[in-house]
Amino acid sequence: QVQLVESGGGLVQAGGSLRLSCVASGITFSSQGIGWYRQAPGKQREVVATISRGGSTYLADYVKGRFTISRDDVKRTVYLQMNSLKPADTAVYYCHVYVNWRDYWGQGTQVTVSS
């Protein structure tokens, strides 16, 4: 059974930093690309960053230069380091993997950035 568990969210002031973690189970972790998405109230879910099984990364334009994504295959964990946070980054952040023609999502972790 595929399971994704996010952690690391919280309340932070603008300009602050947070590191999100996503621990995966039920998959061959080292063979999978993993993504971080976010959804703000009243808005559609959007991609934030992805990392391939080989470590290639993609960052959305609105987080480039501020966020980084990385993975630790031994710990079966993907990280999202978020620096210079803005109130516009306030959202629930979700971990995602596509396995066997299905989308899997974690339960999400709330990130709130105060001005």
Taking a label point 7 Å from the Cα of R45 along Cα-to-Cβ, the residues of region 80-109 whose backbone nitrogen sits under 11 Å from it are 93-98, 103-108
What nm distance separates the two modelled labels at S114 and R66, each placed 7 Å from Cα along Cα→Cβ? 1.8 nm
Whole-number D in µm²/s for the chain (Stokes-Einstein; Kirkwood sum over Cα pairs; 37 °C, 0.692 mPa s): 234 µm²/s
Aspartates and glutamates with Cα under 20 Å of K75, excluding same-chain neighbours fewer than 8 positions away: E6
Full extension from A88 to R53: what is 0.36 nm times the residue separation minus their Cα-Cα distance, to one decimal in nm? 9.7 nm
Tell me, what % of the accessible area of the chain is carbon and sulfur with a 1.4 angstrom probe? 47 percent
Per residue, how many Å² of accessible area does region 1-63 show with a 1.4 Å probe? 55 Å²
Reachable aspartates and glutamates, given that their alpha-carbon falls under 18 Å from the alpha-carbon of K43 and they are not under 8 places away in the same chain: D61, D89
Among the lysines, select those whose C-alpha is under 17 Å from the C-alpha of K64, and discard any that sit fewer than 8 residues away in the same chain. K86
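The values are calculated or read from the model by the stated rules, or taken from the named source; none is laboratory data. Note that the coordinates shown come from a computational prediction; the quantities given were computed from them, not determined experimentally. Counting neighbours? That spans all protein chains shown, and the Cβs are built from the backbone with ideal geometry, glycine included. What goes into the accessible areas is simple: the full protein's heavy atoms, side chains included, and nothing from ligands, DNA or RNA. Shrake-Rupley method; radii C 1.70, N 1.55, O 1.52, S 1.80 Å.
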